[in-house]
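Presented below is the structure to which this report refers.
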Amino acid sequence: MILPFLFVAPSSKKGRGVFTAEKIAANTVIEISPVLVFSAKERKIAEETLLFDYFFEWGNSKKKGAIGLGFISIYNHDYHANCDYEMDFDNELMKIITVRNIKKGEELFINYNASPDDETPLWFDAK
């Protein structure tokens, strides 16, 4: 399930991103999509490819990886994200939820640290 007014477009942040053509209220589920889960062994292989920038750590041990279908793997990162994500390991699904009101035309961001305001530096910000 992806709300019909979400779309992918070029992003000033990096590459492509997910945007909205309508206002969205806080605490709205905007997407629920399946994921493709990699075993720990497959994840190590994927880390050496372009997929590295698109997959999520998966499972309670975080040793597996997952690529989100739908728009899941296209959401860009922000340390003060306007959306959050939830992982459903049993059903191999991810959910995107807004954490504040979103304006029409705004890009939707998740925090790759798994919490909307976590400022822990990520691999691409390491100096």
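For segment 20-43, filtering for residues that are of a type in the set (Lys, Arg) and either in contact with a Lys or Arg (Cβ under 8 Å, 6 or more places away or on another chain) or modelled with pLDDT under 95 (or both) leaves 2. The single condition from (1) touching a strand residue (DSSP E or B) at 6+ places or on another chain (Cβ under 8 Å); (2) under 24 Å from residue 118 (Cα atoms); (3) surrounded by 15 or more Cβ atoms within 10 Å (Cβ to Cβ) that residue 37 fails is (2). The residue pairs whose first member lies in segment 72-89 and is free of Cβ contacts under 8 Å to residues at least 24 places away in the same chain, whose second member is of a type in the set (A, V, I, L, M), and whose beta carbons are closer than 8 Å, counting only pairs six or more residues apart or on different chains, are 73/67; 86/94; 86/97; 88/94.
Every residue, every condition in (1) buried (at least 18 other Cβ atoms within 10 Å of the Cβ); (2) within 21 Å of residue 16 (Cα to Cα); (3) at pLDDT 95 or above, yes or no:
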{"position": "46", "(1), (2), (3)": "no, yes, no"}
{"position": "52", "(1), (2), (3)": "no, yes, no"}
{"position": "58", "(1), (2), (3)": "yes, no, yes"}
{"position": "61", "(1), (2), (3)": "no, no, no"}
{"position": "67", "(1), (2), (3)": "no, yes, yes"}
{"position": "73", "(1), (2), (3)": "yes, yes, no"}
{"position": "81", "(1), (2), (3)": "yes, yes, yes"}
{"position": "86", "(1), (2), (3)": "no, no, yes"}
{"position": "95", "(1), (2), (3)": "no, yes, yes"}
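Of the residues in segment 8-20, at least one is in a strand (DSSP E or B), more than 14 Å from the chain's Cα centre (by Cα) and β-branched (Val, Ile, Thr).
The values are calculated or read from the model by the stated rules, or taken from the named source; none is laboratory data. This is a predicted model, so every value here is computed, not measured. Virtual Cβ from ideal backbone geometry, glycine too; neighbours counted across all protein chains shown.
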